[in-house]
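**Student:** Would you mind keeping the following structure in view while I ask a few things?
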């Protein structure tokens, strides 16, 4: 399990990194030979980015029980 990210700048960096990974995977797929598993994997990546985005939106900017 990973440590939650509360800092908004770090959250944005995380999402950008995930989107960059998605683009790299997309660039490596050959349209002529792509199969359903390749498409499913792309959908999974997009879904995971969306889930993380939603969790970031609902997360406070500071860690619970920590003073700023």
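**Student:** In 10 Å bins starting at 0, how do the alpha-carbon pair distances of the chain split up by percent?
**Tutor:** 18, 41, 24, 13, 4, 1
**Student:** Could you tell me how many degrees, from 0 to 90 and to the nearest 10, lie between the Cα long axis of helix 36-57 and the main elongation axis, the longest principal axis, of the Cα atoms of the chain?
**Tutor:** So the inclination is approximately 10 degrees.
**Student:** With the contact rule set at Cα under 8 Å and sequence spacing of 6 or more, what percent relative contact order holds for the chain? Provide the component values of the computation, followed by the final result.
**Tutor:** On the way: 24 pairs, mean separation 36.4, N = 68.
Computed value for the chain: 54 percent relative contact order.
**Student:** Once both axes come from the Cα atoms, what is the angle between helix 8-28 and the longest principal axis of the chain, in degrees from 0 to 90, rounded to 10?
**Tutor:** Taking the Cα atoms of the chain, the angle to 8-28 is about 10 degrees.
Every number in this text was worked out from the coordinates using simple rules, so none of it is lab data. This one's a predicted model, so the numbers in the text were calculated from it and none came from an experiment.
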